Amino acid sequence: MNKILKYDFALPDEISTIVEADFWVLKNYNAKIFSSKSNPVKFTSNVSILIRKGKCNIDINLISYAVKAPCIVNIRRTQILQINRVSDDLEFSVIIMSKRFCDNLFLLLQDCIYYPSAVRQQVTEIPDSLLNKFECLYSRINSIFEDKANPFGYQAMSLCLASFFFETAYKCYMQLANDFQKGNNRLTSKFISLVQKHFKTERFLEFYANKLEVSTKHLSRTMKNVTGFTAVEWIERYVILEAKVLLKSSNLNVKQISEELNFPSQSFFGKYFKKIVGISPKDFRSS
């Protein structure tokens, strides 16, 4: 049975150690870590989640995914995750990687033609025939991680992941690389990437259409056909999502949040937020 939930992710006690580390492994979690209410969470590290069993419904940067095991879920640094529902039999393991670690991994994998698809893809299905190999990888990574006496643990983990990609994981991304070349998918991906980068300062569609060298009409129609939302709606959704995260998880007051999002005034921000969300920023924060 699926359940609506709230994150109650029991990270180890030494949170400062996790923040300072380049790598962290969380093994064998299940649906019991979740409780009854949901809030979006913004990530400051790159995360790879192996879903071994069960299913869940999630949003990553406002894009909805129906996740079913076995699969890998990749969440990149600065992305926002909201978990909406999970099944009671959900089982998963997590690898957390710093930007420095991922940059080093990129140097090892940059010549592989399928690596860009792996970076771009948020949810990747794993063939049943490969699940055991992925489970062995996570066990191997955990073993290296727990061997604190090894002065070359960082290098061992980097090379272990790179070797696994060249040997096994690339098979999951071959078709994805081919599909991405299709026109509408490529335009959609480029637009969303631009919005993620510029939504705080650019809220007019003309800016994005000019960057992509297409008309505003074509851009909006393509986004609507592919995603179900117009291009303007995508911009609004990113602004509102960031506002919600700041209202719920920061100490900034409403005026400071309006400045962070480059609104001309707190009043303008309040009207913008209420028009889309239905309540004021102050009421949302206290809800």
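What follows is calculated from the coordinates using simple rules that are stated; it is not laboratory data. Computed from a predicted model, the values in this text were never measured in an experiment. Backbone-built Cβ (ideal geometry, glycine too); neighbour counts: all protein chains shown.
What to note about this one:
- Over all other residues within a Cβ to Cβ distance under 14 Å of ILE192, the charged ones net out to +4, with Lys and Arg as +1 and Asp and Glu as -1.
- Mean ellipticity per residue at 222 nm, deg cm²/dmol - from DSSP H runs of n ≥ 4 across the chain, formula -39500 (n - 2.57): -15000 deg cm²/dmol
- Computed extension gain for LEU252 through LYS190, at 0.36 nm per residue and net of the alpha carbon distance, reaches 19.2 nm.
- Residues ASP89 and ARG285, FRET efficiency given R0 of 30 Å [Cβ-Cβ distance, rounded to 0.05]: 0.25
- Computed label-point distance, nm, for sites LEU131 and ASN28 using a 7 Å Cα→Cβ extension: 1.8
- Charged neighbours of LEU241, selected by a Cβ distance under 13 Å, balance to +1 (K, R count +1; D, E count -1).
- Hull shadow area, averaged, the range 25-76 [alpha-carbon convex hull, nm²]: 4.1
- Paired Rg and Dmax values of the range 117-178, which use every Cα atom, in angstrom: 13.3, 43
- Within the chain, the percentage of alpha carbon pairs spaced more than 29 angstrom apart rounds to 41%.
- Calculated FRET value between CYS160 and ARG120, using beta carbons and R₀ = 25 Å, to 0.05: 0.65
- Cβ-Cβ distance of LEU212 and ASN142, R₀ of 51 Å, FRET efficiency by 1/(1 + (r/R0)^6): the value works out to about 0.75.
- Estimated D of the range 183-286 in µm² per second, where Rh is the Kirkwood radius over Cα pairs and Stokes-Einstein applies at 20 °C, 1.002 mPa s: 149
- Across LYS42/LYS274; LYS55/LYS190; LYS244/LYS271, pairs whose alpha-carbon gap is larger than 18 Å: LYS42/LYS274; LYS55/LYS190
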